[in-house]
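For reference, the structure is listed below as structure tokens.
The values are calculated or read from the model by the stated rules, or taken from the named source; none is laboratory data. Not measured: the values here are computed from a predicted model. Counting neighbours? That spans all protein chains shown, and the Cβs are built from the backbone with ideal geometry, glycine included. To get the accessible areas, we keep the full protein, side chains included, count just its heavy atoms, and leave off ligands, DNA and RNA. Shrake-Rupley method; radii C 1.70, N 1.55, O 1.52, S 1.80 Å.
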Amino acid sequence: VVCRDGCIKAVGQADVIRNQFSGATFERIIDCSGKCVLPGLVDAHTHPVWAGDRVHEFAMKLAGASYMEIHQAGGGIHFTVEHTRKATEEELFNTFKDRLERMRRAGSTLVECKSGYGLNLETELKMLRVIERAKQSMDIGISSTYCGAHSVPKGKTAAEATDDIINNHLPKLKELKLSGEIHVNNIDVFCEKGVFDLESTRRILQAGKEIGLQINFHGDELHPMKSAELGAELGAQAISHLEEVSDEGITAMARAKCAAVLLPTTAYMLRLKQPQARKMLEEGVIVALGSDFNPNAYCFSMPMVMHLACVNMKMSMNEALAAATINAAYALGKSDTHGSIETGKQGDLVIINSSRWEHLIYQFGGHEALIDYVIVKGKVVYQNERCGTM
């Protein structure tokens, strides 16, 4: 039972609920006989605001070019930055809205959304305004992330970019937050060899933390950088990627209750070593999942991400579901309100047309026929047109 305020009022056996609410009237009753009701899925890592896709680079990757080779040839992030800078706010909003709708149809009810294809203050703010606009106008949960340190802008050194972010970008974000124009939740840095080193990363994350942002950053993806150790030390809420994390980093994250946001799509598409999900789980790390939706990993579907996590990272289906719901909500600092079906939590639900929930993972790419309803705050935001006919 979900109340008008969008929160779950009661969960339990059907006959108990019927007795408890025998005198109540409901705006809508959904018959879920023979179906499964799951918590809305949480996508803990996406880059969904950009212009200029990189479909041409996919062929380069297939021919053997590495991520950094494409990056150094003027492709990768810099290609998208150039197109995103030229795009109007309206153009960016329209494509972003379509992408969010596709994520929602695949069962995502809370999505982390990053900036990071601006690399200058003007474009980063343009992206954050687009995210803010979607927060206010769309029926989907959004956790917004400032990711101005996604790459070193052309013509600048990493040290100069770091100073610009600390001295110009973050004070402006603080000002806009105080005026109520933009509400950013997290700060992100791409801590990587040839991008932002450990010391630059530390300075930016610390400065972000000082203006009230949660630390949630890219680390240990292509090279071992000791990002996990740094995140644990700084009290990071989450670190993403971690393909090259050290054993000491895993131990530190477990101790610090810092979530690991694993991105099986990225390792799959870039043919990287898979993150050590099993070792992390055995050591007690809170493992979450994200789609890493971006021009380099074009995937909207958390059910497909869960499937890849099970097959390629050797997670069980139960572990993958937890990682895409309650643990992903934890990675965004929202596990008290999202990520599970409990009284008092937000009524975000996915109803699938199967008597076994595992079909959502088992049917690789099959979510379009499986998902009957997606519900956000008790409101049906997607209903499959074939609902009830299958």
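Brief remarks follow.
- Residue in the stretch 235-250 that is in a helix (DSSP H, G or I), open to solvent by 10 Å² or more (accessible area, probe 1.4 Å) and under 24 Å from residue 185 (Cα atoms) present: no
- In the stretch 152-163, the residues that are open to solvent by 20 Å² or more (accessible area, probe 1.4 Å) and touching a residue at least 24 places away in the same chain (Cβ under 8 Å): 152, 154, 158, 159
- Test: residue in the stretch 358-368 that is aliphatic (A, V, I, L, M) and outside the structural domain of residue 30 (by the TED database): no
- Test: residue in the stretch 337-351 that is without any contact (Cβ under 8 Å) to a residue 60 or more places away in the chain and either of a type in the set (Phe, Trp, Tyr) or more than 22 Å from residue 382 (Cβ to Cβ) (or both): no
- Between 312, 318, the distinction of being open to solvent by 10 Å² or more (accessible area, probe 1.4 Å) and more than 22 Å from residue 58 (Cα to Cα) belongs to 318 only.
- Looking across the stretch 109-141 at every residue that is without any contact (Cβ under 8 Å) to a residue 40 or more places away in the chain and within 30 Å of residue 351 (Cα to Cα), the one that is least open to solvent (accessible area, probe 1.4 Å) is identified as 137.
- Within the stretch 251-264, the set of residues being touching a residue at least 24 places away in the same chain (Cβ under 8 Å) and either of a type in the set (D, E, K, R) or crowded, with 24+ Cβ neighbours inside 10 Å (or both) comprises 253, 257, 258, 259, 260, 261, 262, 263, 264.
- Comparison of 61, 97 shows that the only residue that is charged (D, E, K, R), outside the structural domain of residue 272 (by the TED database) and more than 23 Å from residue 288 (Cβ to Cβ) is 61.
- One residue stands out among those in the stretch 30-46 that are in contact (Cβ under 8 Å) with a residue 24 or more places away in the chain, part of a loop (DSSP other than H, G, I, E, B) and more than 10 Å from the chain's Cα centre (by Cα): the one that is surrounded by the fewest Cβ atoms within 10 Å (Cβ to Cβ), which is 34.
- Checking the stretch 3-22 against the condition returns no match, with no residue being closer than 30 Å to residue 239 by Cβ and either in contact with a helix residue (DSSP H, G or I) (Cβ under 7 Å, 6 or more places away or on another chain) or in contact (Cβ under 8 Å) with a residue 40 or more places away in the chain (or both).
- Restricted to the stretch 47-99, the set of helices (runs of 4 or more DSSP H) holding at least 1 residues that are more than 24 Å from the chain's Cα centre (by Cα) and either of a type in the set (Asp, Glu) or buried (at least 20 other Cβ atoms within 10 Å of the Cβ) (or both) comprises 67-72.
- A single member of 149, 106, 207 is in contact (Cβ under 8 Å) with a residue 12 or more places away in the chain, closer than 26 Å to residue 345 by Cβ and in contact with a helix residue (DSSP H, G or I) (Cβ under 6 Å, 6 or more places away or on another chain), and it is 106.
- Residue check, residue 51 in contact (Cβ under 8 Å) with a residue 12 or more places away in the chain and under 28 Å from residue 3 (Cα atoms): no
- Filtered by the rule that a residue be open to solvent by 20 Å² or more (accessible area, probe 1.4 Å) and either acidic (Asp, Glu) or outside the structural domain of residue 114 (by the TED database) (or both), the stretch 201-222 gives a lone residue, 210.
- Of the criteria (1) at pLDDT below 95; (2) within 30 Å of residue 350 (Cα to Cα); (3) of a type in the set (Val, Ile, Thr), which one residue 77 fails: (2)
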